[in-house]
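Asker: Could you have a look at this structure, given as structure tokens, before my questions?
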Amino acid sequence: MEEVKQVRDLEYLFRPKSIAIVGASESGLYPAGILRNLLRYGYKGKIFPVNPRREVVQGLKSYRKILDIEEDVDLAVIIVPRGFVLDILNQCAMKGVRAVIIITAGFGEADEYGKQLQERIMEFARRSRIIICGPNTAGLANIYDNIVLTHRLDPAPIPGNVAFVSQSGALMTAMYGIFREKDIGLSYLISTGNQADVELSECIMYLVNDKNTRVIAAFIEGLKNVNIFLNAADLALEKGKPIIVLKVGKTRAGAAAALTHTGSLTGSDAVYNAVFKQKGIIRVEDIDELVDTVKVFSLLVDRLPKGEGLGIISQSGGLASLMADLCEDLGLNLPELSDETMKKLVTMDELLTFGSLRNPADVRIGGTTAAMLPRVIEPFIQDERFSILCILLSRPAVGDEDAQTASTIVEISKTTKKPIFVVWVGRRIPDPGSDLDAQPYRILEKGGVPIFYNLKSCLKAVKHLIDYTKFRERYMQSSKVT
């Protein structure tokens, strides 16, 4: 059994009150970008640029070396060639710096010299007890405290309940753009890099205990301390914080790529899979599924379904049939309509139901207009057989009537605790010159209603939601028994 390493207090890494940027400059992706972001987003602590060739950097006094700074430094960000990093670390130890982020690459993921340098960094971390993130990291961002220690976050971050921690720095910044585009608010972005000291498991444990974080997403190449990860997973279950993981390295080629990227040993994928299942970790297969699942849990983590019955209202009979097939493939429960629900629906002349309906319910286009939807969905909301509802639309989402439908769905979602999903199959790009104030899909996204354009993507997200809810309920019950 692997010994559990003491989980350290990472406050100086994630909430420093003073930051020195060693290698700060007027240009360069990281040398200029990190300082620019601290200033741009309103970091309230003290900032000390360190550059022996400049007296002023981006309007701030610059210091020749970190030892010249008169005040205390909580965190140092190192952006210098790899041959100078150990000297800077020794200066940090002499200065009393509590945490360090090493942006510089070319260590364990590179050549033999780089591997030797990383070994020396690891030894330095053990000896000095300075908390070190990296090397080969893209930095991190604490959104609520305006601490943006990475090169680029555009447009401005939206504070929210999702934290994303990644062993890939480029993916971290790329995912930021996707999350921002989807109106997914963030608490933290973290790139762990080569994990010479601070590792992904420690970051996840920190996020489980963070008050602003309700959903944790992670891109994993390999774990160094599985026991910390297992403890974090247990605590996350107790606190009701889903952990969503995209784990690479299933194949030999994937494992080899991970090794050359961050030097991570990925281990047996079967073992990881078993661990994830044992601890209720939600494993996704690709970026799209990661984003979809994160979005759903971000919106619904405090409104989890009370059961697993799925009720589907469809505009199209063909799509309703396809949806039913997919539900069966995924093992989703489609209860039949109750007699009362059936009676309410078939007496609505606008639906043209000809006396019978099933689930999925083909209510035709007349049942999915802004005027009719509140009446049509009400019986499903009242029917205890259904814990989750899905509205399946098949028409262009480009006109004023479609925008009204989207707004109506948003208003309906506010009146019920049952999660409502929308699948909208049809054109989404308005005609040239359209004066539509807001595209329907944007109305739904901003209104907090999960919207999908692919049936299977929606149903996989629904399944993740149901499976997590059921797993956590069993876990909490077994915890009470013991």
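Asker: Scan segment 437-482 residue by residue and report those that are under 30 Å from Gln278 (Cβ atoms) and basic (Lys, Arg).
Answerer: If the condition is that a residue be under 30 Å from Gln278 (Cβ atoms) and basic (Lys, Arg), then Lys456, Lys460, Lys463, Lys470, Arg472, Arg474, Lys480 are the ones that fit.
Asker: Still on this structure, please answer the following. Pull up segment 127-139, narrow it to residues that are in contact (Cβ under 8 Å) with a residue 40 or more places away in the chain and surrounded by fewer than 24 Cβ atoms within 10 Å (Cβ to Cβ), then point me to the one that is nearest to Ala163 (Cα to Cα).
Answerer: Ile131
Asker: Among the listed residues Leu337, Leu345, identify the single one that is outside any helix (DSSP H, G or I), more than 32 Å from the chain's Cα centre (by Cα) and over 30 Å from Leu186 (Cβ atoms).
Answerer: Sole residue among the options that is outside any helix (DSSP H, G or I), more than 32 Å from the chain's Cα centre (by Cα) and over 30 Å from Leu186 (Cβ atoms): Leu337.
Asker: Being in a helix (DSSP H, G or I), over 19 Å from the mean Cα position of the chain (by Cα) and surrounded by 15 or more Cβ atoms within 10 Å (Cβ to Cβ): is that true of Arg474 here?
Answerer: Taking the combined requirement at face value, the residue does not satisfy it.
Asker: Among the residues of segment 380-407, which ones are in a helix (DSSP H, G or I), touching a residue at least 40 places away in the same chain (Cβ under 8 Å) and touching a Leu at 6+ places or on another chain (Cβ under 7 Å)?
Answerer: Phe380, Ala403, Ala406
Asker: Could you count how many residues in segment 170-220 are among the acidic types (Asp, Glu) and either under 21 Å from Ser298 (Cα atoms) or touching a His at 6+ places or on another chain (Cβ under 7 Å) (or both)?
Answerer: Qualifying residue count, segment 170-220: 3.
Asker: Out of the residues in segment 40-95 meeting the condition of being among the hydrophobic types (A, V, I, L, M, F, W, C) and in contact with a Gly (Cβ under 8 Å, 6 or more places away or on another chain), tell me which one is nearest to Pro16 (Cα to Cα).
Answerer: Residue satisfying both the conditions and the ranking: Val73.
Asker: Right, next: Restricting to segment 320-341, and then to whatever is touching a helix residue (DSSP H, G or I) at 6+ places or on another chain (Cβ under 7 Å) and in contact (Cβ under 8 Å) with a residue 40 or more places away in the chain, can you tell me which residue is farthest from Asp362 (Cα to Cα)?
Answerer: Within segment 320-341, the match that is farthest from Asp362 (Cα to Cα) is Leu330.
Asker: Out of all the residues in segment 418-440, is one or more surrounded by 14 or more Cβ atoms within 10 Å (Cβ to Cβ), at negative phi and part of a helix (DSSP H, G or I)?
Answerer: Checked segment 418-440: at least one residue is surrounded by 14 or more Cβ atoms within 10 Å (Cβ to Cβ), at negative phi and part of a helix (DSSP H, G or I).
Asker: Say whether the condition of being within 17 Å of Met172 (Cα to Cα), in the same structural domain as Gly139 (by TED's automatic domain parsing), at pLDDT 95 or above and surrounded by fewer than 24 Cβ atoms within 10 Å (Cβ to Cβ) is met by at least one residue in segment 200-212.
Answerer: No, every residue in segment 200-212 fails to be within 17 Å of Met172 (Cα to Cα), in the same structural domain as Gly139 (by TED's automatic domain parsing), at pLDDT 95 or above and surrounded by fewer than 24 Cβ atoms within 10 Å (Cβ to Cβ).
The values are calculated or read from the model by the stated rules, or taken from the named source; none is laboratory data. All values reported here derive from a predicted model rather than from experimental measurement. We place every Cβ from the backbone using ideal geometry, glycine too, and count neighbours over all the protein chains shown.
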